[in-house]
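**Student:** Sending over a structure as structure tokens; questions will come in a sec.
The values are calculated or read from the model by the stated rules, or taken from the named source; none is laboratory data. Keep in mind that this is a model prediction, so the values were computed, not measured. As a convention, Cβ positions derive from the backbone with ideal geometry for all residues, glycine included, and neighbour counts pool all protein chains shown.
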Amino acid sequence: MDRKKKEAVLEAILFTMGESVEVSRLAAVIEEDVKTTRTILYEMAEKYKSEDRGIDIVELEDSFQMCTKGEMYEYLIKIAKAPKKLVLTDTLLETLSIIAYKQPVTRLEIEKIRGVSSDHAVNKLVEYNLIHEIGRLDAPGRPLLFGTTEEFLRSFGVKSLDELPAMNPDQIEVFREQAQEEAQLKLDI
């Protein structure tokens with residue numbers, strides 16, 4: 001393994017681990033002695049400093065760690081405080097639509113309509129603050145009831161749920177026929 005490859009391997013390990021790694025373990029991976037490995041890491045750290053990079057390699061007792069330079073923290077804070085862009089996949093939109101039109105609704109009711117597990121979708125929508133738990137159904141197991149939030153209304157530009165578009169009666173009939181066909185196929189299997 002040539003020198004450039006050893007540096008790349010050390011960089012990859014330190015970046016991926018995110019915490020300090022003993023120099024002896026690093027040496028074993030690149031098949032070098034500890035003294036040579038330490039020298040390579042010192043030279044890499046010096047290169048990061050001289051190139052004015054945002055990262056550094058620091059030594060902690062007999063270990064090394066890749067970390068962000070202190071002068072970069074203000075930029076990290078800016079990015080951490082920036083609002084996250086919500087990505088609503090088809091699955092999330094489908095689940096959200098069911099909740100918006102059928103609320104209050106349990107996870108089991110959502111899964112009956114969708115025909116698949118909806119745990120991930122419901123959890124993501126809660127994380128995005130588009131739905132929330134609004135109580136429990138008075139039934140065995142007391143399942144959670146879900147409904148939309150004010151953030152949902154803001155995100156979709158409506159003042160109330162009454163402003164949601166009404167479903168076309170013809171489309172509802174098509175959906176009903178499709179559901180009956182699917183149910184019949186499952187019974188035939």
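**Student:** Within region 114-130, track down each residue that is outside any loop (DSSP other than H, G, I, E, B) and modelled with pLDDT under 90.
**Tutor:** Arg114
**Student:** Further question: I need every pair where a residue in region 141-157 that is free of Cβ contacts under 8 Å to residues at least 40 places away in the same chain has its Cβ under 7 Å from the Cβ of a residue that is aliphatic (A, V, I, L, M), sequence separation at least 6 or different chains.
**Tutor:** Pro143/Leu108; Pro143/Leu137; Thr149/Leu130; Thr149/Ile131; Glu151/Leu130
**Student:** Can you find a residue in region 18-31 that is surrounded by fewer than 12 Cβ atoms within 10 Å (Cβ to Cβ), free of Cβ contacts under 8 Å to residues at least 12 places away in the same chain and either in contact with a Phe, Trp or Tyr (Cβ under 6 Å, 6 or more places away or on another chain) or charged (D, E, K, R) (or both)?
**Tutor:** Looking through region 18-31, none of the residues is surrounded by fewer than 12 Cβ atoms within 10 Å (Cβ to Cβ), free of Cβ contacts under 8 Å to residues at least 12 places away in the same chain and either in contact with a Phe, Trp or Tyr (Cβ under 6 Å, 6 or more places away or on another chain) or charged (D, E, K, R) (or both).
**Student:** Next question. Looking for something in contact with a strand residue (DSSP E or B) (Cβ under 6 Å, 6 or more places away or on another chain), among the aliphatic types (A, V, I, L, M) and outside the structural domain of Asp119 (by TED's automatic domain parsing) - is there at least one such residue anywhere in region 79-90?
**Tutor:** no
**Student:** State yes or no: is Lys112 basic (Lys, Arg) and either in contact (Cβ under 8 Å) with a residue 60 or more places away in the chain or closer than 22 Å to Asp162 by Cβ (or both)?
**Tutor:** Answer is no for this residue.
**Student:** Next question. Scan (1) touching a residue at least 12 places away in the same chain (Cβ under 8 Å); (2) surrounded by 15 or more Cβ atoms within 10 Å (Cβ to Cβ) for the single condition Met1 breaks and write down its number.
**Tutor:** (2)
**Student:** What number of residues in region 119-178 are surrounded by fewer than 14 Cβ atoms within 10 Å (Cβ to Cβ) and among the hydroxyl-bearing types (Ser, Thr, Tyr)?
**Tutor:** 1
**Student:** Need a quick list: helices (runs of 4 or more DSSP H) entirely within region 1-103 having at least 3 residues that are of a type in the set (Val, Ile, Thr).
**Tutor:** Passing ranges, in order: 3-17, 23-30, 34-50, 90-102.
**Student:** Continuing with the same structure: Being within 28 Å of Gln184 (Cβ to Cβ) and either in a strand (DSSP E or B) or more than 19 Å from the chain's Cα centre (by Cα) (or both) narrows it down to one residue among Glu133, Glu109; which is it?
**Tutor:** Just a single option satisfies the conditions, and that option is Glu109.
**Student:** A further question on this structure: Looking at Val9, Val58, which one is among the aliphatic types (A, V, I, L, M), over 30 Å from Lys124 (Cα atoms) and in contact with a strand residue (DSSP E or B) (Cβ under 9 Å, 6 or more places away or on another chain)?
**Tutor:** One residue alone meets the criteria, Val58.
**Student:** Could you tell me which of the residues Leu96, Leu41 is buried (at least 16 other Cβ atoms within 10 Å of the Cβ), of a type in the set (A, V, I, L, M, F, W, C) and not assigned by TED's automatic domain parsing to the domain that holds Glu127?
**Tutor:** Going through Leu96, Leu41 in turn, just one is buried (at least 16 other Cβ atoms within 10 Å of the Cβ), of a type in the set (A, V, I, L, M, F, W, C) and not assigned by TED's automatic domain parsing to the domain that holds Glu127: Leu41.
**Student:** In the set Lys85, Lys49, Lys35, Lys69, which member is farther than 30 Å from Lys6 by Cα and of a type in the set (D, E, K, R)?
**Tutor:** Criteria check complete, one pass: Lys85.
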